[in-house]
Amino acid sequence: MALAICMTMGSAPAKSMNNSNINTAHALPRILVLATGGTISGKKNEMSAIGYNAGGVTGQQLIEDIPELSKLAQINVEQIANIGSQDMNDDIWLRLAKRIQEVVARNEADGIVITHGTDTMEETAFFLDNVIHTDKPVILTGAMRPSTAISADGPGNLYEAIEVATNAKAKGHGVMIVMNDTIHSARWASKTHTTSVETFQSINAGPIGYVDPASVRFVQPPMLMDKRYPIPAAAPLPRVEILYAHSGMGASIINDLVKDGVKAIVLAGVGDGNSSKPVIDALNRAVKQGVIVVRSSRTGSGFVNRNVEVDDDKNSFVASYDLSPQKSRILLQILISNGKTKPSEIQTAFESGFEN
Ligand code: ASP
């Protein structure tokens with residue numbers, strides 16, 4: 001059950017400090033913070049010199065620890081969960097999506113900021129980007145170092161996420177990730193390093209903007225996300241598994257998944273989405289039994305194009321283009337939830353986000 005903590009800061013109407021804010025008349029912009037946990041809410045433990053538990057601090061405490069925010073926005077906080085994002089799940093995704101859609105429908109806020117663990121931040125961001133219908137900014141942020149660390153990065157990231165959410169130019173960019181002075185589109189962002197504060201990169205595309213405490217600069221225009229989908233009605237979302245390819249790989253795992261009733265398989269293939277002959281043959285048999293197969297790549301960058309080394313037309317496979325295995329999985333779950341199961345319509349959906 002969602003625990004709701006509501007706190008308003010800067011409740012007295014105040015003059016805007018920044019003439020590019022959404023509401024420049026009298027009141028500060030209204031920002032809703034949805035807290036879910038993560039290292040940004042982490043507290044030191046005794047496990048080791050660097051040990052900590054994600055989700056020890058509430059969203060309300062995070063906001064209270066940054067008094068400068070009272071000059072930037074009127075902030076309400078709701079605690080949706082308090083977990084490490086390795087435990088993020090469909091149920092919380094749907095709660096977040098439904099709450100955000102409700103907030104924009106009732107005009108309860110000018111922008112939404114979600115605090116989240118970094119491990120699966122790109123997945124939640126991508127899910128929301130595909131199902132939220134609004135031009136209001138929706139921004140995820142987090143931290144690589146817990147709140148009790150020397151040189152914690154959480155407060156700066158949270159300040160800058162709220163700063164971006166209050167900026168008029170943030171409208172229409174869909175769901176974003178703001179970390180380490182950089183603004184990424186959910187479509188492209190990926191965690192690329194285990195510990196660095198620079199971990200988020202927009203592979204194949206580059207960041208859409210930059211932020212510091214004095215300025216917000218977008219370097220790309222709002223992207224036309226031509227395809228958005230209804231929020232799936234209920235959890236669990238359809239079962240889609242990711243298969244990590246490697247040398248000497250056999251077919252038994254695919255046969256097991258098919259027997260077990262999997263709806264779709266994403267191949268995190270070698271190179272441009274390839275795998276051994278036994279695996280490709282087993283995937284071909286899986287398609288004939290009604291399983292959707294998407295070929296993606298384990299390399300972390302570049303594109304998986306149709307019919308290069310693997311005959312997608314003959315096998316009725318789908319190529320992921322630039323979507324990572326984890327984002328391919330989410331798009332498939334959304335598509336299947338919305339009744340789209342034909343390889344041709346799934347292939348078209350994977351084309352959204354860039355010009356072919
Ligand atoms: N395991 C943490 C999480 O994703 C790591 C982090 O937030 O940086 O919640």
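Label-to-label distance, Glu351 versus Asn204, with points set 7 angstrom from Cα along the beta-carbon direction: 1.5 nm. Taking the Cα centre of the chain as origin and assigning +1 to Lys and Arg Cβ atoms and -1 to Asp and Glu Cβ atoms, the resulting dipole is close to 580 debye. Taking region 148-169 and a reference point 7 angstrom along Cα→Cβ of Lys43, the backbone N atoms nearer than 12 Å belong to 148. Summed over the residues of the chain and divided among them, the accessible surface reaches 43 Å² per residue at a probe radius of 1.4 Å. Across the options Val219, Val262, Gly302, the greatest Cα extent toward the positive end of the charge dipole of region 219-356 (unit charges at beta carbon of Lys, Arg, Asp, Glu) belongs to Val262.
Within the listed set Ala27, Ala97, Ala268, the Gaussian network model of the chain (springs between alpha-carbon atoms below 10 Å) gives the highest mean-square fluctuation for Ala27. Calculated FRET efficiency, Ser344 and Lys314, Cβ-Cβ r, R0 25 Å, to nearest 0.05? According to the calculation, E is roughly 0.95. Between the Cα long axis of helix 325-337 and the first principal axis of the chain there is an angle of about 90°, rounded to the nearest 10. Computed over protein heavy atoms with a 1.4 Å probe, the carbon and sulfur contribution to the accessible area of region 217-332 reaches 52%. With a threshold of 18 Å on the Cα-Cα distance, the over-threshold entries among Lys136/Lys169; Lys44/Lys191; Lys314/Lys342; Lys171/Lys191; Lys263/Lys342; Lys98/Lys327 are Lys44/Lys191; Lys171/Lys191; Lys98/Lys327.
Build a GNM of the chain with springs between Cα atoms under 10 Å apart, and of Ala245, Ala205, Ala233 the one that fluctuates most is Ala233. Applying a DSSP loop filter and a limit of 15 other Cβ atoms within 10 Å to the trypsin sites (Lys or Arg not before Pro) in region 161-207 leaves Lys171.
Calculate the FRET efficiency for Arg239 and Asp65 from the Cβ-Cβ distance with a Förster distance of 35 Å, rounded to the nearest 0.05. For R0 = 35 Å, the calculated efficiency reads 0.30.
The values are calculated or read from the model by the stated rules, or taken from the named source; none is laboratory data. Since the model is a prediction, treat every value here as computed from it, not as a measurement. Every residue, glycine among them, receives a Cβ derived from its backbone with ideal geometry; neighbour counts consider all protein chains shown. When the accessible area is computed, the model is the full protein with side chains, heavy atoms only, and any ligands, DNA or RNA have been set aside. Shrake-Rupley method; radii C 1.70, N 1.55, O 1.52, S 1.80 Å.
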